[in-house]
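Working notes, beginning with the structure itself.
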Amino acid sequence: MFDYRAPADELALVRAEIARLKRREAVLREAYLTRADMPKIGRWSKVEIRTERHAVFDPRLLPASIRNDPAYQRDKVMRVLRTAPTERAAKRLPEIVAPAHPQWAAPLTLVS
């Protein structure tokens, strides 16, 4: 079936669905990490839990003289695309489509 929704509306709905899926993933992940009785084998997938260690660079450990030296800094230019409900939608649509507060609108960041 073809969807006649406006692209802006579709983008907002896609982001709402992604947010819902991320919340569900967080719940399942927490359950697997804290409950030994969680079944780890399903019909098509299995869950493996392992501990890994990686070396990571932490710039906070550098002396302030290096961290704050402009010679080691660069500008980063980004284009940000945000979705927010129209005034009309904010009054009529459920919160999943029209967040109650504009700062909760999920940003899509594209690096150019």
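The values are calculated or read from the model by the stated rules, or taken from the named source; none is laboratory data. Everything quoted here is computed from the prediction, not taken from an experiment. Cβ: placed from backbone, ideal geometry, glycine included. Neighbour counts: every protein chain shown. In case anyone asks, the SASA skips ligands and DNA or RNA and just uses the protein heavy atoms, side chains included. Shrake-Rupley method; radii C 1.70, N 1.55, O 1.52, S 1.80 Å.
Pick from ARG29, ARG5, ARG15: which is surrounded by 10 or more Cβ atoms within 10 Å (Cβ to Cβ) and assigned to a loop (DSSP other than H, G, I, E, B)?
Values: ARG29 fails: assigned to a loop (DSSP other than H, G, I, E, B); ARG15 fails: assigned to a loop (DSSP other than H, G, I, E, B).
Selected residue: ARG5, the only one of ARG29, ARG5, ARG15 that is surrounded by 10 or more Cβ atoms within 10 Å (Cβ to Cβ) and assigned to a loop (DSSP other than H, G, I, E, B).
Out of (1) in a helix (DSSP H, G or I); (2) open to solvent by 80 Å² or more (accessible area, probe 1.4 Å); (3) modelled with pLDDT of 80 or more, the odd one out for ARG88 is which? In the conditions (1) in a helix (DSSP H, G or I); (2) open to solvent by 80 Å² or more (accessible area, probe 1.4 Å); (3) modelled with pLDDT of 80 or more, ARG88 misses (3) alone.
The test for being surrounded by 10 or more Cβ atoms within 10 Å (Cβ to Cβ) and either modelled with pLDDT of 85 or more or within 29 Å of LEU13 (Cα to Cα) (or both) holds for PRO99. Could you give every pair whose Cβ atoms fall below 7 Å, whose first residue belongs to region 62-83 and is closer than 30 Å to ASP9 by Cβ and open to solvent by 100 Å² or more (accessible area, probe 1.4 Å), and whose second residue is small (Gly, Ala, Ser) and assigned to a loop (DSSP other than H, G, I, E, B), counting only separations of at least 6 or pairs across chains? Close Cβ pairs satisfying both conditions: VAL77/SER112; ARG79/SER112; ARG82/ALA105. Among residues of region 34-55 being at pLDDT below 95 and among the aliphatic types (A, V, I, L, M), the one that is least open to solvent (accessible area, probe 1.4 Å) is MET38.
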